[in-house]
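Input: a single structure, listed below in structure tokens.
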Amino acid sequence: MQTFTDSVVLRKMKAEVHKVTGETVRKNPRCLLKNTAAIVTIETNRPICVELYKDIKEFGRFMLRDAGVTVAAGLVTKVILI
């Protein structure tokens, strides 16, 4: 197992989705409550190594932590190179 630590910026919360079906519950939510699922855009300060979850599961997962507490965990569904 490999880990990487870097600061990120949450650029946009695109949609809140149902955890089981994946259907859109709300577009452009202002905030997310505990135990909810969403589609978000995250920007890193420097390039990092990730893959799409559907291609390589080990490199397609991520966790966001703040002050030692996990605030989000997710799957990489799309990679945009800038």
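State whether one or more residues within the range 31-44 are open to solvent by less than 100 Å² (accessible area, probe 1.4 Å), closer than 16 Å to K19 by Cα, in a loop (DSSP other than H, G, I, E, B) and in contact with a Lys or Arg (Cβ under 9 Å, 6 or more places away or on another chain). Yes, that holds for at least one residue. Of the residues making up the range 8-23, those that are open to solvent by less than 80 Å² (accessible area, probe 1.4 Å) and outside any loop (DSSP other than H, G, I, E, B) are V8, V9, M13, A15, E16, V17. For the range 10-46, a residue qualifies if it is in contact (Cβ under 8 Å) with a residue 24 or more places away in the chain and within 17 Å of R61 (Cα to Cα), and the qualifying residues are L10, A38, I39, V40, T41, I42, E43, T44.
Pairing each residue of the range 47-71 that is surrounded by fewer than 11 Cβ atoms within 10 Å (Cβ to Cβ) with any residue that is hydroxyl-bearing (S, T, Y) and in a strand (DSSP E or B), provided the two are 6+ apart or on different chains, yields C-beta distances under 9 Å for M63/T70.
The values are calculated or read from the model by the stated rules, or taken from the named source; none is laboratory data. Bear in mind the structure is a predicted one, so any value in this text is a computation, not a measurement. So basically every Cβ, Gly included, is an ideal-geometry build from the backbone, and we count neighbours across all protein chains shown. Each accessible area value is taken on the protein alone, full model and side chains, heavy atoms only, with ligands, DNA and RNA left out. Shrake-Rupley method; radii C 1.70, N 1.55, O 1.52, S 1.80 Å.
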